[in-house]
Amino acid sequence: MKNIAQTFIFFLLLVLIWAGITGDLDFLGIHCTLWSPYVLPSPSLVAQYLWDNTLNGKLPLSMLITLRRLLIGYAIGLIIGVPLGMLAARFRMMRNTVGVLGLGFQGLPSVCWVPLACIWFGQTEAALLFVVIMGTLWSVLLSTENGIRNVPPIYARAARTMGSSPMHTLLFVTLPASAPFVVSGMKQGWAFAWRSLMAAEIYVSVISGFGIGQYLHYGRELQRMHQVVGVMFIIILVGLLADKLIFSPVEMWLHRRWGTARD
C-alpha cells in the first residue's frame, strides 16, 4: 500500500507541474503559461481528447486493432524464438551462427525493418506483423539461450543418471529450470514488440484498420499536439499494465518457485 501511495503522489506532482506550466491552474490564481498549446498541450486538453474519442469508439477500436496485431506477431516471435534459443544453447554450431546473428540483430533498431517490410509486403498487415516478429524474435532467442546455459549442470547430470534422454532432459529439466530467465526475455520481447509495432504503424498505412500508432502519426501531421500526447499516454499505459498485471507476477512466482527471489 505504501508503494502505491508513493507512486500516486509522484505522478500527481508531475501532473500538477504539467498543469502549472500550461495554464491549467489559472482558477487557483497561478498564471504561468510557458508554452503554447501547439507545443505542449495542457492536461485538460489531453483529457478531453481521450474522453471524447473513447466515447465515440475511435480509440477503443484502434486499440483492439493494434493489440490484435501485437498479439499475433508476438506469438509468432515466441514460437520461433524459444526453439531457436534452445537449439543455440544445446549445439555450438547454432550458437556460433544463429546466436551471433541474433546478437547482431538485437542491437538493430526496430524501425530499420520498416522500409524492408514495405518493399517486401507492401502496405499490408503482413508488413506490420513482420516488424513485430523481428522486434520479438531476437530478444526471446538470446534470453532463452542464456537462461538454459546458466542452469547448473548438476540438474542435467542428475536427470541423465536417472535415465532421462537428452531431449527429455532439455524439455522437462533444463527448460523449466531456466523459466525465470525465459520469462524475463519474454517481457523484454513484449516491450520490443510494442515499440516495433508503434514504429511500423507510424510509417505503414493499412486501410484494413487504423491503429494507435497511426493516430500518433496523423496527430503530428495535423499539428494536434493534444492528440499526440494523448496517444503517447495510452502507449505508456498499455506497457505498464502488461508489465504489472502479466509479466511481473509470473516472473516473481517463478523466482520464488525456484528459490532465486530477492528479499
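Quick check of the Kirkwood formula: for the chain, what is the inverse mean of 1/r over all pairs of different Cα atoms, in Å?
Mean inverse Cα-Cα distance, inverted, gives 21.0 Å.
Per residue of the range 174-188, in order, report the coupling 6.51 cos²θ - 1.76 cosθ + 1.60 (Karplus, θ = phi - 60°) as ³J(HN,Hα) in whole Hz, putting x for Gly and Pro.
5, 5, x, 5, 8, 4, x, 6, 5, 5, 4, x, 5, 5, 5
Nearest 500 deg cm²/dmol is fine: what mean residue ellipticity at 222 nm does the chain get from its DSSP H runs of n ≥ 4 alone, each adding -39,500 (n - 2.57), divided by its residue count?
That comes out to -23000 deg cm²/dmol.
Return, ordered by residue number, the residues of the range 200-240 whose backbone nitrogen is under 16 Å from a label point located 7 Å along Cα→Cβ of LEU108.
What the label zone holds, given the 16 Å backbone N cut-off, is 200.
Pairing the Cα long axis of helix 248-257 with the longest principal axis of the chain, what angle in degrees results, from 0 to 90 and rounded to the nearest 10?
30 degrees
³J(HN,Hα) across the range 97-107 via Karplus (A = 6.51, B = -1.76, C = 1.60, θ = phi - 60°), whole Hz, x for Gly/Pro?
10, 5, x, 5, 4, x, 5, x, 5, 4, x
With point charges of +1 on the Cβ of Lys and Arg and -1 on the Cβ of Asp and Glu, referenced to the Cα centre of the chain, which listed residue (PRO109, PHE247, GLY81) lies farthest in the positive direction of the dipole?
Result: GLY81, furthest along the dipole toward the positive end.
Take the chain, mark every one of the chymotrypsin sites (Phe, Trp or Tyr not before Pro) that falls in a DSSP loop and has at most 16 other Cβ within 10 Å, then report the longest stretch left between them, sites excluded.
Looking at the chain, 92-257 is the longest stretch - no exposed chymotrypsin sites (Phe, Trp or Tyr not before Pro) with at most 16 other Cβ atoms within 10 Å.
Taking 25 Å as R0, compute the FRET efficiency from the Cβ-Cβ separation of LEU237 and ILE72 and round it to 0.05.
So, using R0 = 25 Å, E works out to roughly 0.75.
Quick one: Cα centre-to-centre distance for the range 70-96 and the range 182-212, in angstrom?
Using only Cα atoms, the two centres lie 19 Å from each other.
So how tilted is helix 225-242 from the main axis of the chain? Cα-based, degrees 0 to 90, rounded to 10.
It works out to around 30 degrees.
Please compute the net charge surrounding ALA88, taking Lys and Arg as +1 and Asp and Glu as -1 over other residues with Cβ under 14 Å from its Cβ.
Charge balance in the 14 Å sphere: +3.
Work out the charge dipole of the chain with +1 on the Cβ of Lys and Arg and -1 on the Cβ of Asp and Glu about the Cα centre, then indicate which of ASN146, ALA199, SER184 is farthest towards its positive end.
The residue sitting farthest along the positive end of the dipole is ASN146.
Pick from LEU13, LEU240, LEU101 the residue whose mean-square fluctuation is largest in a GNM of the chain, springs joining Cα atoms under 10 Å.
LEU13
Could you go through the range 67-78 in sequence order and give the Karplus-derived ³J(HN,Hα) for each residue, using 6.51 cos²θ - 1.76 cosθ + 1.60 with θ = phi - 60°, rounded to whole Hz, and x for Gly and Pro?
Working through the residues one at a time gives 5, 5, 4, 5, 5, 5, x, 5, 4, 5, x, 5 Hz.
Rule-based calculations on the coordinates, nothing more; no lab input. Everything numeric here is computed off the predicted structure, so don't read it as measured data. With ideal geometry, Cβ positions are generated from the backbone for all residues, glycine too; neighbour counts draw on all protein chains shown.
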